[in-house]
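Here is the structure we will look at, set down as structure tokens.
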Amino acid sequence: MKFTRDLDDAKNLVHEVFIQVWEKFDTLPADTNYKSYCYTAVRNRCLNYIRDKKKFVMLSNVEEGTMTEINTRLETSELELKIEAAIASLPEKCRIVFVLNRIEGMKYAQIAQKLNISIKTVEAQMSKALGVMKEHLREFISLIFFLWL
């Protein structure tokens, strides 16, 4: 399929050159070697076409699975930025408790012992942190659910 499209593009380029030569025929010098002129014009037109085609990615040529993968990567990186911003917005003690539990994997009892606070305080801080995180990440809830499955 790609081969026939490339062949059609090549035919169109040659056709455009012939039209251009026809339109400029009266302005070309009388001693012009038309065969050489056409060859050079087609070669230059093809090189320009290749150069211009490299500049743009045709989304219609990208497979659906690849587009889905690109979208997922973009959403994931955006989600990571939102999570970092949400964690940064937490009050200091709340952030410390959240990071120790969710990122470092410590249990509530370990956090309480390390920070010299009660387990109930750890629970309260985690509840507060999760509420803030939920609010900040509301638009990504479905993506988070999908990624954790």
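All of the numbers you see were taken from the coordinates with simple rules; none came from a lab. None of the values given here were measured: they were computed from a predicted structure. We place every Cβ from the backbone using ideal geometry, glycine too, and count neighbours over all the protein chains shown.
Between beta-carbons, use under 15 Å as the cut-off and find the net charge around LYS120, counting Lys and Arg +1, Asp and Glu -1.
Values: positive: LYS93, LYS107, LYS128; negative: GLU123.
Residues near LYS120 contribute +2 overall.
Local charge sum around VAL99 (other residues, Cβ-Cβ under 13 Å, Lys/Arg +1, Asp/Glu -1)?
On the way: positive: LYS93, ARG95, ARG102, LYS114; negative: GLU84, GLU92, GLU104.
Once positives and negatives cancel, what remains is +1.
Report, in whole Å, the centroid distance computed from the Cα atoms of region 87-108 and region 19-38.
Centre-to-centre distance over Cα atoms comes out at 76 Å.
Run the quick spin-label model on LYS114 and LYS24: label points 7 Å from Cα toward the beta carbon, then report their separation in nm to one decimal.
Result for the modelled spin labels: 7.3 nm.
Where does each of HIS15, HIS136 land when they are ranked from fewest to most other beta-carbon atoms within 10 angstrom? Each step should come with its number before you reach the end.
Working: HIS15 10, HIS136 17.
Final ranking by Cβ density, sparse to dense: HIS15, HIS136.
Give me GLU78, GLU23 ranked fewest to most by other Cβ atoms within 10 Å of their Cβ, as a rough exposure proxy.
Ranking GLU78, GLU23 by Cβ neighbours within 10 Å, fewest first, gives GLU23, GLU78.
Listing ASP9, ASP52, ASP26 from the residue with the fewest other Cβ atoms within 10 Å to the one with the most, what is the order?
Numbers: ASP9 13, ASP52 9, ASP26 6.
Fewest-to-most ranking of ASP9, ASP52, ASP26: ASP26, ASP52, ASP9.
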